[in-house]
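Engineer: Structure below; questions to follow.
Coordinate-derived values only; no laboratory data. Bear in mind that the values here come from a model prediction, so they are computed numbers and not experimental data. So basically every Cβ, Gly included, is an ideal-geometry build from the backbone, and we count neighbours across all protein chains shown.
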Amino acid sequence: MATLVIAETREIVEYGQPEEPAEPISLVVFDDRLTSGSAAYTSADFNVLLATYSRLRLQALVDQVSGTSPTLTVQVEHAADDRNFVSLNTTAEINAAGLTVGGVTNIVSTGVLGARAMHGTTRLRVQLGGTAPQAYVKLWVTARPGV
C-alpha cells in the first residue's frame with residue numbers, strides 16, 4: 001500500500017494492494033439458518049479482509065438438517081469492484097457435499113486456495129441443494145499468509 005496526500009485538500013488516499021498480514025487467523029464468516037436452495041453470501045464486512053490473505057481454508061459445521069438428499073456448496077467469489085463477483089475456481093471449494101438429515105455434518109474444503117490470485121474483494125457463496133433443504137450452517141475460514 002502507498003499513501004498519497006492531495007496538496008490542495010490535504011486528503012489522504014491509500015492505494016495499491018494491502019500488505020499481507022503476518023499471522024494466520026480463523027474466524028466465523030457465516031452463521032445462519034438456510035431454508036431454500038437460494039444462495040446466501042458472507043457479510044460484506046469480510047470482503048477486503050478475505051482478499052488480503054494468500055491462502056484460505058474452509059470448514060462448515062451443518063446441523064438441524066432436513067429435506068431430501070440435502071447438500072452444501074460453498075464457492076469462493078471475487079471482484080475488483082466489490083459488486084460484480086465471479087467464481088474464483090470452476091469447481092466449488094465445498095462442492096455439493098452430502099448432509100446428514102437429523103445429524104451434524106463437519107466438512108473441510110478439499111484444498112487450500114493460494115497464490116493470491118484473487119481480486120481486491122472476496123466473498124463466499126453458501127447454498128443448499130436437494131429437495132426442500134433446510135439447515136443451520138456455521139462457516140469458518142482459516143486465512144494464512146503466503147508461503
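Engineer: Which pairs have Cβ atoms under 6 Å, sit 6 or more apart or on different chains, and link a residue in the stretch 126-145 that is under 12 Å from LEU27 (Cβ atoms) to one that is assigned to a strand (DSSP E or B) and charged (D, E, K, R)?
Structural biologist: So the pair list comes out as LYS138/ASP31; THR142/ARG57.
Engineer: Kindly indicate the residue of the stretch 131-147 that is surrounded by 16 or more Cβ atoms within 10 Å (Cβ to Cβ) and of a type in the set (A, V, I, L, M, F, W, C) and also farthest from the chain's Cα centre (by Cα) among those meeting that condition.
Structural biologist: Out of the qualifying residues, it is ALA135.
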